[in-house]
Amino acid sequence: MPWRWFKQTVKRILVGRLEPKEPELYFSPHPIDWWRRFEDIADVQIFPWRSFDTPHQQVLFPNNALGRWMFDRLFALEDRFPRFFARNFQWPMIVLRRSGGDSSD
């Protein structure tokens, strides 16, 4: 017991002295139309990757056969109306393919 208390106290002191690290990753969202600026150098394709965030899916879709059926319908709608889902729901997938010309750039 005293050893555990000692370790926790030392850890608290040392951690308090460490400066917080800045995150190495960052996130800067862009509107869908922003990606069109690359159309002169690449083929820009926008697909729905995921319509709902995980917490929303857990609320809206039950974890049973009905939920699987609902997901099947959702995926069918995403396939049929990809532009609508990419523009109006969460998590679009942006695909840029270099167009023609020199591929050494």
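Read the figures in this text as sums done on the coordinates, not as results from a lab. What you see is a predicted model, and the numbers here were worked out from it, not measured in a lab. Positions of Cβ are generated from backbone atoms using ideal geometry, with glycine treated the same way; all protein chains shown enter the neighbour counts.
A few comments on the model shown:
- Within region 31-43, being surrounded by 13 or more Cβ atoms within 10 Å (Cβ to Cβ) and within 13 Å of GLY100 (Cα to Cα) holds for ILE41, ALA42.
- Only residues that are closer than 27 Å to VAL95 by Cα and in contact with a Phe, Trp or Tyr (Cβ under 8 Å, 6 or more places away or on another chain) were counted in region 48-69, giving 6.
- Checked against (1) more than 22 Å from TRP34 (Cα to Cα); (2) without any contact (Cβ under 8 Å) to a residue 12 or more places away in the chain; (3) surrounded by 12 or more Cβ atoms within 10 Å (Cβ to Cβ), LEU74 passes all but condition (2).
- Residues of region 42-97 classified as under 21 Å from PRO29 (Cα atoms) and among the hydrophobic types (A, V, I, L, M, F, W, C), total: 15
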